[in-house]
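Q: A single structure is presented below for examination.
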């Protein structure tokens, strides 16, 4: 067309050019046509590739490169679709997808450095349980310039953010969309923190003692008359509260539940002081008790019955050991038992 209209070669008039060409749209508009945000995906794929390489270095045999990388990529694609369509549900799906890769990373670290000799399967643990075990493992064994308070708060924030976005509720509000979007964005710094900072500390013999063998004890394995620390924690109290928040309209139900748990803890405390020799309550708050006493299996079962009676059917788990660390691990194992309401001891050798 231009060749026919131009009388001679050279610079063509602007009016001819405007009639023959269409203005190129903004790059972001091109992305909207593809529904993939190609420019953003190129940037994210480089980030994902870098994180995947570090993930594989942790354990080249047990790591699942394809699962880790594909989940991250899929999550980003969904997040960008959510940006375009303003669909809150897509953000939640993206958050769930990326959470799978994060938990896979944490599981890899846990199995390599902490649970190698543990007679239990990590699949029974919640994401919070796994972070707690890693945090417990590192406590007191980090470099002097390591900000442990930040580490603890970062774990707490990510655990809450993950739980509040992946656990479905009846209403998907703008706030939920914002949290799901933030969960995806914060996942990459979280992965970087664990691969670049936590992993080197866990793998360094300068700060971490060699893994100990964890011997799991049942309620009957305790030494009669031996002095142990005992930790009691109510089962599913948080889940019960979540259900009430979503279904109840009467504030009295919340007050009654609070009173029943408080009454149960008070009754258990009185029973411990009266019936267990060498007993001492170290901590009692909420639905938790930490105490020191002689081992007495029938008394432990009676404590569980008291808690159940006072709370109208709620159960509790008990962990015991010779040290606070053993109690912490024992209580985590007890709460992973089917149905919970169990008594488990731990001995580190």
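The values are calculated or read from the model by the stated rules, or taken from the named source; none is laboratory data. Here the structure is a predicted model, which is why all the values come from computation and not from measurement. Don't worry about glycine lacking a Cβ; one is built from the backbone with ideal geometry, like all the others, and counts go over all protein chains shown.
Q: Against the condition surrounded by 14 or more Cβ atoms within 10 Å (Cβ to Cβ), assigned to a helix (DSSP H, G or I) and modelled with pLDDT of 80 or more, how does residue 240 come out, does it pass?
A: When the stated conditions are applied, residue 240 passes them.
Q: Within the range 273-289, how many residues turn out to be over 24 Å from residue 336 (Cβ atoms) and surrounded by fewer than 14 Cβ atoms within 10 Å (Cβ to Cβ)? Please lay out each step first, then the result.
A: Start the filter on the range 273-289 by keeping residues that are over 24 Å from residue 336 (Cβ atoms), which leaves 273-281.
After this cut, where a residue has to be surrounded by fewer than 14 Cβ atoms within 10 Å (Cβ to Cβ) as well, the list is 273-274, 277-278, 280.
Total meeting the criteria: 5.
Q: For the range 135-162, how many residues meet the condition of being in a helix (DSSP H, G or I) and either touching a strand residue (DSSP E or B) at 6+ places or on another chain (Cβ under 8 Å) or surrounded by 12 or more Cβ atoms within 10 Å (Cβ to Cβ) (or both)?
A: Residues that pass the stated criteria total 16.
Q: Hey, another quick one. Looking only at residues in the range 54-88 that are within 19 Å of residue 203 (Cβ to Cβ) and out of contact with any helix residue (DSSP H, G or I) (no Cβ under 9 Å at 6 or more places or on another chain), which one is surrounded by the most Cβ atoms within 10 Å (Cβ to Cβ)? It would help to see each step written out before you state the result.
A: Step one: filter the range 54-88 for residues within 19 Å of residue 203 (Cβ to Cβ), giving 54-63, 68.
Next, only the ones that are out of contact with any helix residue (DSSP H, G or I) (no Cβ under 9 Å at 6 or more places or on another chain) stay: 60-61.
Numbers: 60: 8, 61: 5.
Filtering first and then ranking leaves 60.
Q: Oh, and also: Name the pairs: first residue in the range 274-289 and on the phi < 0 side of the Ramachandran plot, second residue surrounded by fewer than 17 Cβ atoms within 10 Å (Cβ to Cβ) and part of a loop (DSSP other than H, G, I, E, B), Cβ to Cβ under 9 Å, at least 6 apart or on different chains?
A: Here the result reads 277/225, each pair linking the range 274-289 to a residue that is surrounded by fewer than 17 Cβ atoms within 10 Å (Cβ to Cβ) and part of a loop (DSSP other than H, G, I, E, B).
Q: While we're looking at this one, here's another question. Among residues belonging to the range 181-195 that are more than 23 Å from residue 81 (Cα to Cα) and within 15 Å of the chain's Cα centre (by Cα), point out the one that is surrounded by the most Cβ atoms within 10 Å (Cβ to Cβ). If you could, list the steps in order and put the result at the bottom.
A: The first filter runs over the range 181-195 and keeps only residues more than 23 Å from residue 81 (Cα to Cα), leaving 192-195.
Now narrow it down to the ones that are within 15 Å of the chain's Cα centre (by Cα): 193-194.
Details: 193: 16, 194: 24.
Step by step, filter the range 181-195, then rank; the result is 194.
Q: Quick one: which of 310, 259, 270, 292 is surrounded by fewer than 20 Cβ atoms within 10 Å (Cβ to Cβ), touching a helix residue (DSSP H, G or I) at 6+ places or on another chain (Cβ under 6 Å) and at pLDDT 90 or above?
A: Result: 310 is the single residue among 310, 259, 270, 292 that is surrounded by fewer than 20 Cβ atoms within 10 Å (Cβ to Cβ), touching a helix residue (DSSP H, G or I) at 6+ places or on another chain (Cβ under 6 Å) and at pLDDT 90 or above.
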